[in-house]
Amino acid sequence: MVVSGPARISAPVGSFYRMSVEVFRHGFRRPFQLREFLQQAWMIVSVSVVPTLLVAIPFCVIVVFQLNQLLTELGAADLAGAGAGLAVVREIGPMVSVLVVAGAGATAICADLGARKIRDEIAAMSVMGLNPVQRLVVPRVLASTVVALALNGLVTFVGLAGSFLFSVLVQNASAGLFLANLTLLTGIDDLLVSELKAAVFGLLSGLVACHLGLNAKGGPKGVGDAVNQTVVFSFILLFAANSLITAVFLQARG
C-alpha cells in the first residue's frame, strides 16, 4: 500500500507524542533508574561543559560589544550593565547552553539508543518484560533537563563576568555603574523564566534524541541519519519554544 505524503509526516509526529506521553507517565513510577540517570547526566556534562564555555564567552562578548556600541552612540553608555543583564539572562544563557546540549549531549543519546536498537537490545528488553521507556528513556530525558538547567546557570554567570571584564577593560565602561545597573532591566522573574526555558529546551532535546534513537533503522547508516535529524529537529523545536515562551512572558508581564 502506498502511503501518502501527509500520512508519512503525521506518523512520526504521532509516534513522538505517544512516546512523550509514555515518558511522563512512567516518570513518576517506581523503580526510578538512579544509576542510569547519574551516568547519563555525567555523560552529557562531560561532552557539554567545555563547548558551552567556549561558545558562551565569545558569544556574550560579541553581543555586549555591539550593544555597548549602540548605547554609546545614543549617549547611554552608563547602561551597559543593564543591557548585558538583559541579553545574557533572558536569551543568551538558555539558548547557548541548550544548543550545546542538543548538539553534543542529545546526539550522544541518540547514537547510544540507535546502536542498541539495531543490535536488537531494545527488542530483547521488551521480551524480558522490561519497559525500554522506563528503563532507558526516562533517565536520559531527565538528565538532559537537569544538565540544561545547570548549564544555563553556568552560562549566565560566565557571560555576565565576561561582559563585565570586556566592558570595563576594553570599552572603558564604569565598573561601578555596570554593576549598579545590572539589575535595572532584569530581576528574579527573568532568571526564573530563563531557567524555565532551559528546562523546556533540555526536555525537548532529550525527547527528540530518544525518539529518533529508538526508531533508528537501516544499520549504522540509519543511526547516523537519526543523529543528524536529532540536531535539526531539536534546533527547530528549541527556537519555536523560545519564541512561544518569550511571547507569553512578555505578554503576561505587560
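What residue among 101, 45, 170 has the largest mean-square fluctuation in a Gaussian network model of the chain, using Cα springs under 10 Å? With Cα springs under 10 Å in the chain, the top fluctuation among 101, 45, 170 is at 170. Calculated mean residue ellipticity at 222 nm for the chain: -26500 deg cm²/dmol, from DSSP H runs with n ≥ 4 weighted as -39500 (n - 2.57), summed, divided by the residue count and rounded to 500. Distance from the alpha carbon centroid of the range 55-96 to that of the range 111-128 works out to 46 angstrom. Of the residues 244, 142, 53, the one that moves most in a GNM of the chain with alpha-carbon contacts below 10 Å is 244.
If the segment from residue 184 to residue 120 were pulled out straight at 0.36 nm per residue, it would be longer than the present Cα-Cα gap by 17.4 nm.
Cβ-Cβ distance of residue 66 and residue 24, R₀ of 45 Å, FRET efficiency by 1/(1 + (r/R0)^6): the value works out to about 0.65. Relative to the longest principal axis of the Cα atoms of the chain, the long axis of helix 220-253 lies at roughly 50 degrees.
Here the 3J(HN,Hα) profile of the range 179-187, calculated from phi with Karplus coefficients 6.51, -1.76 and 1.60 at θ = phi - 60°, is 5, 5, 8, 4, 9, 5, 10, 10, x Hz, Gly and Pro shown as x.
Across 28, 37, 239, mean-square fluctuation computed from a Gaussian network of the chain (C-alpha pairs under 10 Å connected) peaks at 28.
Relative contact order for the range 82-189: 56 percent, from Cα pairs under 8 Å spaced at least 6 residues apart, divided by residue count.
The lysines within cross-link reach of residue 117, meaning a Cα-to-Cα straight distance under 19 Å and a gap of 8 or more places when in the same chain, are 217, 221. Here are labelled values, [x] 1.25; [y] 1.16; [z] 0.98, and one is the computed Cα Rg over 2.2 N^0.38 Å for what I pasted. Which one? It is the one labelled [y].
Counting only alpha carbon atoms, the long axis of helix 106-118 and the longest principal axis of the chain meet at about 10°.
The angle between the Cα long axis of helix 34-73 and the main principal axis of the chain comes to about 30°, on a 0 to 90 degree scale.
No value in this document is a laboratory result; all are computed from the given coordinates. Just so we're clear, the structure is a prediction, and the values are computed from it rather than from any experiment. Cβ atoms come from the backbone with ideal geometry, glycine included; neighbour counts cover every protein chain shown.
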